[in-house]
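For reference, the structure is listed below as structure tokens.
The values are calculated or read from the model by the stated rules, or taken from the named source; none is laboratory data. Quick caveat: nothing in here was measured; it's all calculated off a predicted structure. We place every Cβ from the backbone using ideal geometry, glycine too, and count neighbours over all the protein chains shown.
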Amino acid sequence: MSVPLKTLRRIFGYPSFKGPQAQIIDHLIGGGDALVLMPTGGGKSLCYQIPALLREGVGVVVSPLIALMQDQVDALLQVGVRAAFLNSSQDYETASEIERRLRMDELDLIYVAPERLLTERFLGVMDYLVSRNRLALFAIDEAHCVSQWGHDFRPEYIQLSALHQRYPTVPRIALTATADQLTQREIITRLGLDAARVFISSFDRPNIRYTVVERDNPRRQLIDFLDAQRGAAGIVYCLSRKKVDETAAWLNEQGIAALAYHAGLDAAMRLHHQQRFQREDGIVMVATIAFGMGIDKPDVRFVAHLDLPKSLEAYYQETGRAGRDGEPAEAWMTYGLNDVVIHRLRIDESTAGDEQKRVERSKLDSLLAWCETVTCRRALLLKYFSEEATACGNCDTCLDPPELWDGTVAAQKAMSAALRTGQRFGAGHLIDILRGKTTEKVQQFGHANLPTFGAGTDLDEAGWRSVFRQLLAAGLLHADAQAFGGLRLTDAARPVLKGEATLSLRKQARRLRGKKHRPSQESALAGRRSDAGTPLAAADAPLFEVLRAWRADLAREQGVPAFVILHDKTLRELAARRPASLPDLLGVPGIGQAKADRYGEALLRLLL
């Protein structure tokens, strides 16, 4: 048995490595640099934690999230690893004590915020460690933050290239759960990883079910979705702070325990809400994208979007916070015409350069194409990350395939209405014209006299909104920032308008079918995932709840999230296997030597 595998079993309690973990660990132990792309929940942390334990000295982990560092360190302390963190939340005495422990070889891993890492004070500590051959490696977590065109850009990340220049003999590993080819190249270039070995795992998260619904009544649609998730932890993303506050307040009125999180709240409130989400069961966090990167909670059962994200990368990153434990999870989103217009206007009105705007438009186009697809959502999402896949059977387009219709004539009517009104009006006004509604605005501009007035009574308002949304998504129309969002034809529209090309559109979505048309997550996942662990039999459920209650009491006593002590998957295995001795306990995934020593006797009393 290899030394890394022995370490995995002894400390972390897992029987074997997953995917490319063993290769990555061997490469890093040997002194090589690496770029690792691995989905959330795939085990990225072990790829640097085990090499840090097996190489001489301390491993330095660069993490952008102060709130997350505490949980990561708590989890390592539980398994007997000497770990600590340094960030701006600590006072001078605490930071000085941690620096002393670093110098005295009393730490295996140190988590550092990037802005702290690059101070002369901390660089001085690392200079001292290097002089004594006591710097094991650098791990740059959330490496996509280096991308200026990405969704989580952090300016301080660009400066991390200085690590290789100052410490060229110290191996580096950059890790991220999401990066398209453009972002991958930028990570390599900006961090000086040209000689690094690149490890790319499958981006597939088969336990997540993807669903997109046409926006109708978003609050009603959200509560209908959440009714099936009662008692589960989840995240609801909104675009604005105001919408976050209003949605969280409304959910609480509906009897759902919801908290708000956005950059407008003071730091103490944000930390309090994040800790409650991490440490209590069944909390729904309503948030802007200020919340989430690196969230370590394994039992998030759903991620809902009330507004369109910025890109497929952002969507993948945000939905990836669900189902880290490998159990069934939901990614649900409402999507409407205004989303398309707002995002296009945001790009056009930004102060970014032309090249960055081009990249952002391309990323938005990919996201819109994914929203409007009639094929498998998972396969299209994976294709965006250059991975081929077949239909999954676990997304809305697989479970309830949309129908197509010849929308050429409808598209011609819509574009003609835009042309005849000077391409200065938004979809709402154009729909009123097409449906023959004599509103005050229609009368004011004399648009009731146009040939297109009343030409579209065959479709209702929702049907026309679907047409305009798809024309925008297909790039035949675009929202003109100079005309306050007025819809203008693009060059691609001309062949359709002139009858030289036809256009297929997806029919307006039907109401969600009954349960018989939507197989359970477990049946949909059959044969598609290998990490689900032992299903919980009915006879084992009472013992599982006893174990969860015991874990909750311990978590409260220690002031740590419950999953830091033992994951649900481990409790499920305990309830099913009912080990009768300490050696038997060590055979349960997730229980290493330190946890067996610490909790073994108490667990055996509960199990026997």
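The table that follows gives values for the structure above.
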{"read-out": "Condition check for Val73: outside any helix (DSSP H, G or I) and β-branched (Val, Ile, Thr)", "value": "no"}
{"read-out": "Test: residue in the range 226-235 that is exposed (fewer than 15 other Cβ atoms within 10 Å of the Cβ) and farther than 24 Å from Thr211 by Cα", "value": "no"}
{"read-out": "Tally, over the range 251-269, of residues that are over 9 Å from Ala287 (Cα atoms), assigned to a loop (DSSP other than H, G, I, E, B) and touching a residue at least 12 places away in the same chain (Cβ under 8 Å)", "value": "5"}
{"read-out": "Search result, residues across the range 201-228 that are within 21 Å of Gly393 (Cα to Cα) and of a type outside the set (Phe, Trp, Tyr)", "value": "Ser202, Asp204, Arg205, Pro206, Asn207, Ile208, Arg209, Thr211, Val212, Val213, Glu214, Ala228"}
{"read-out": "Subset tally (residues that are crowded, with 19+ Cβ neighbours inside 10 Å and either basic (Lys, Arg) or not in a loop (DSSP other than H, G, I, E, B) (or both)) for the range 14-28", "value": "5"}
{"read-out": "Criterion violated by His478 - all others in (1) at pLDDT 75 or above; (2) in a helix (DSSP H, G or I) satisfied", "value": "(2)"}
{"read-out": "Count - residues of the range 230-287 that are charged (D, E, K, R) and in contact with a Gly (Cβ under 7 Å, 6 or more places away or on another chain)", "value": "1"}
{"read-out": "So Val36, is it at pLDDT 95 or above, outside any helix (DSSP H, G or I) and closer than 30 Å to His272 by Cβ", "value": "no"}
{"read-out": "Answer residue from the range 561-578, given it is in a loop (DSSP other than H, G, I, E, B) and surrounded by 20 or more Cβ atoms within 10 Å (Cβ to Cβ) and is modelled with the highest pLDDT among those", "value": "Leu566"}
{"read-out": "Hits in the range 76-95 - residues which are assigned to a helix (DSSP H, G or I) and surrounded by 12 or more Cβ atoms within 10 Å (Cβ to Cβ)", "value": "Leu76, Leu77, Gln78, Thr94, Ala95"}
{"read-out": "Flag if Gln275 is touching a Pro at 6+ places or on another chain (Cβ under 9 Å), outside the structural domain of Phe17 (by TED's automatic domain parsing) and either more than 19 Å from Trp332 (Cβ to Cβ) or at pLDDT below 95 (or both)", "value": "yes"}
{"read-out": "Top-ranked residue in the range 139-162 [being out of contact with any helix residue (DSSP H, G or I) (no Cβ under 8 Å at 6 or more places or on another chain) and in contact (Cβ under 8 Å) with a residue 40 or more places away in the chain; ranked as surrounded by the fewest Cβ atoms within 10 Å (Cβ to Cβ)]", "value": "Ala162"}
{"read-out": "Cross-chain or 6+ apart pairs with Cβ under 8 Å, the range 126-138 first and loosely packed, with under 15 Cβ neighbours inside 10 Å, then charged (D, E, K, R) and assigned to a loop (DSSP other than H, G, I, E, B)", "value": "Asn133/Glu56"}
{"read-out": "Residues located in the range 56-69, provided they are surrounded by fewer than 20 Cβ atoms within 10 Å (Cβ to Cβ) and in contact with a strand residue (DSSP E or B) (Cβ under 8 Å, 6 or more places away or on another chain)", "value": "Glu56, Gly57"}
{"read-out": "Subset tally (residues that are closer than 17 Å to Trp332 by Cα, in contact with a Lys or Arg (Cβ under 9 Å, 6 or more places away or on another chain) and either part of a helix (DSSP H, G or I) or of a type in the set (Lys, Arg) (or both)) for the range 230-250", "value": "1"}
{"read-out": "Which listed residue is over 25 Å from Glu214 (Cβ atoms) and at pLDDT 90 or above, from Glu355, Glu330, Glu387", "value": "Glu387"}
{"read-out": "Unique residue being farther than 20 Å from Leu37 by Cβ and either outside the structural domain of Ala232 (by TED's automatic domain parsing) or buried (at least 24 other Cβ atoms within 10 Å of the Cβ) (or both) when the list is Ala258, Ala267, Ala287", "value": "Ala287"}
